[in-house]
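Engineer: Quick one: the structure is below, and I'll ask about it shortly.
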Amino acid sequence: MHRFFLVCFLSLFQFQDGPTISWDLNNRLEWSDFRGEPKPSNNSVAVTASGITFSYSTKKSDTRLIDYHYNIRADFYPNKSWYLKEKADNNILNHERLHFDITELHARLFRQRIEKTRFTMNIDNQMNRLHEAINKELEALQKRYDAETRHSQDLEKQQEWQTKIIEALNKLSRYSS
């Protein structure tokens, strides 16, 4: 006789109580999506709050993993995202959009890694390790992007990043949501 267990795990890059917008190539962010209260004291003109929403379920017997399903989304958090209207322009909006694209890139990388992983009865630990690793990589790339583009001020670097991220998304198109 087999006993079946169902395990669900939900994790957000940053827990959000408000609405979310899932990444969609045909629905690009607009300034109207940035609904949070501006925080001009941190010297930023805009902030994009985004993260990876992740859940999975498993079916196990006493001795083996029978099946698993997962869901991964790149989400934007409107109530945590903001901009200063008097300083914002299209260049800055494109910079902020690319932050969200970088989140989608990592959601695709996460899906790719799950598809390539051979899970065992220790799937919970395996999933958690994959999730933690992808979030660390996401955070590091977001910081590098801001540093290299000087938060959108270096237009040449901004264009280089735009091209690089679009190419990376295209290479991972089979892992899009």
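Laboratory data are not the source of any read-out in this text; all were calculated from the coordinates shown. Please read these numbers as outputs of a predicted model, since none were measured by experiment. Reconstructed Cβ throughout: ideal geometry from the backbone, glycine too, with neighbour counts over all protein chains shown.
Engineer: Taking 0.36 nm per intervening residue step and subtracting the Cα-Cα distance, what contour gain separates GLN159 from SER177 on full extension?
Structural biologist: 4.0 nm
Engineer: List residues of the stretch 56-78, by number, whose backbone nitrogen lies under 20 Å from a label position 7 Å along Cα→C-beta of PHE119.
Structural biologist: Zone members listed by number: 56-74.
Engineer: How would MET127, MET121 line up from fewest to most surrounding beta-carbon atoms within 10 angstrom?
Structural biologist: MET121, MET127
Engineer: Let me ask another. Any idea how far the Cα center of the stretch 76-127 sits from the one of the stretch 31-54, in Å?
Structural biologist: 14 Å
Engineer: Fewest Cβ neighbours within 10 Å first, please rank SER176, SER32 accordingly.
Structural biologist: Result, fewest neighbours first: SER32, SER176.
Engineer: With runs of 4+ DSSP H residues as the only contributors, calculate the mean residue ellipticity of the chain at 222 nm using -39,500 (n - 2.57) per run, divided by the residue total and rounded to the nearest 500.
Structural biologist: Computed ellipticity for the chain at 222 nm equals -14000 deg cm²/dmol.
Engineer: Right, here's the next one. When averaged across all projection directions, what area in nm² does the alpha-carbon convex hull of the stretch 77-131 cover?
Structural biologist: 5.2 nm²
Engineer: Right, next: What FRET efficiency do you get for ASN128 and SER41 if R0 is 30 Å and r is their Cβ-Cβ distance, rounded to the nearest 0.05?
Structural biologist: After rounding, the FRET efficiency stands at 0.25.
Engineer: Tell me, what is the percent relative contact order of the stretch 5-175, built from C-alpha pairs under 8 Å that lie six or more residues apart?
Structural biologist: Dividing the mean separation by the residue count of the stretch 5-175 yields 24 percent.
Engineer: Sticking with this one: Identify the residues of the stretch 135-172 with backbone N under 13 Å of a label point that sits 7 angstrom from the Cα of ARG28 along the Cα-to-Cβ direction, or state none.
Structural biologist: Residues 162-163, 166 fall inside that zone.
Engineer: Follow-up. Using the charge dipole of the chain (Lys, Arg: +1 at Cβ; Asp, Glu: -1 at Cβ; taken about the Cα centre), state which of SER41, PHE76, GLN158 has its Cα farthest towards the positive end.
Structural biologist: Selected residue: PHE76.
Engineer: Where in the chain are the helices, taken as whole DSSP H runs, whose Cα atoms extend 27 angstrom or more along the long axis and whose Kyte-Doolittle mean reaches at least -1.0?
Structural biologist: 90-116
Engineer: State the number of lysine pairs found in the chain whose Cα atoms come within less than 22 Å, restricting to pairs 8 or more positions apart or on distinct chains.
Structural biologist: Value for the chain: 17.
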